[in-house]
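See structure below.
Where a number appears in this text, it was derived from the coordinates with a stated rule and is not lab data. Note that the coordinates shown come from a computational prediction; the quantities given were computed from them, not determined experimentally. Here Cβ is always computed from backbone atoms with ideal geometry, including for glycine, and neighbour counts include all displayed protein chains.
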Amino acid sequence: MQRIAATNTLYYELECPFCGQVVRSGIGFRAGAINRRNYKLGEKLSWEGGSCRPAQRPAGGNLKTIGYFNCDNPRCQTWKDCFPDVQEALITIRNDVLDEVKVLRYKPTEHTFDIIEPAD
Ligand SMILES: [Zn+2]
């Protein structure tokens, strides 16, 4: 996948919305201190050691952000010309903990790593 800048990665098992296969994939996201850190679900998001997004840790350490992943199944219809389409996932961070991941369709043509909550 094309990265617009450094990201963090959350490794998680996801059901691909196109082929239904459960794949272990890395979800690129841009929240907390962004320094190519690898996370698993249940780990605490760090706010130290990189430029932060948002600039300030939200009150209570709660936020929701959009991340991106690829399906690893080469027979999936998201694969075209050896390169898979990027899928979207909503990552929920509660009390600084990477708590929940949901595959969703948000803005399929943009890869803006939106922060959904808190709103600006
Ligand atoms: Zn797939």
Note to self: Where the second residue is assigned to a loop (DSSP other than H, G, I, E, B) and the first is touching a residue at least 12 places away in the same chain (Cβ under 8 Å) and lies in the stretch 80-96, which pairs have Cβ atoms under 6 Å and are six or more apart or on separate chains?
What the structure shows: P84/C71; P84/T78; D85/T78; V86/M1; E88/Y106; I93/L45; R94/N62; D96/L45
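So for the stretch 67-83 (the condition being of a type in the set (D, E, K, R), surrounded by 14 or more Cβ atoms within 10 Å (Cβ to Cβ), within 14 Å of the ligand (Cβ to nearest atom) and over 11 Å from the mean Cα position of the chain (by Cα)), does at least one residue qualify? Before the answer, list the steps.
The initial filter retains those residues of the stretch 67-83 that are of a type in the set (D, E, K, R), namely 72, 75, 80-81.
Those left that are additionally surrounded by 14 or more Cβ atoms within 10 Å (Cβ to Cβ): 72.
From what's left, within 14 Å of the ligand (Cβ to nearest atom): 72.
Add one more test, that the residue is over 11 Å from the mean Cα position of the chain (by Cα), and what stays is 72.
Yes; the residues of the stretch 67-83 include at least one that is of a type in the set (D, E, K, R), surrounded by 14 or more Cβ atoms within 10 Å (Cβ to Cβ), within 14 Å of the ligand (Cβ to nearest atom) and over 11 Å from the mean Cα position of the chain (by Cα).
Hey, does the stretch 73-89 have a residue that's among the aliphatic types (A, V, I, L, M), in a loop (DSSP other than H, G, I, E, B) and out of contact with any Pro (no Cβ under 7 Å at 6 or more places or on another chain)?
First, the residues of the stretch 73-89 that are among the aliphatic types (A, V, I, L, M): 86, 89.
Checking which are in a loop (DSSP other than H, G, I, E, B) leaves us with none.
Checked the stretch 73-89: no residue is among the aliphatic types (A, V, I, L, M), in a loop (DSSP other than H, G, I, E, B) and out of contact with any Pro (no Cβ under 7 Å at 6 or more places or on another chain).
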Margin query: exposed (fewer than 14 other Cβ atoms within 10 Å of the Cβ) and either of a type in the set (D, E) or within 15 Å of T7 (Cα to Cα) (or both): is that true of N95 in this structure?
Written below: no
Checklist line | Of residues in the stretch 20-45 being assigned to a loop (DSSP other than H, G, I, E, B) and either surrounded by fewer than 16 Cβ atoms within 10 Å (Cβ to Cβ) or among the aromatic types (F, W, Y) (or both), the one nearest to the ligand (Cβ to nearest atom) | finding: Q21
Next item on the list: Looking at (1) away from the ligand (no atom under 16 Å from the Cβ); (2) in a strand (DSSP E or B); (3) not small (G, A, S), find the lone condition where T109 falls short.
Entry: (2)
Item checked: Close pairs from the stretch 43-72: first on the phi < 0 side of the Ramachandran plot, partner of a type in the set (F, W, Y) and more than 16 Å from the ligand (Cβ to nearest atom), Cβ under 7 Å, at least 6 apart -> R57/W47; T65/F29; T65/F113; I66/Y106; I66/F113; G67/F29
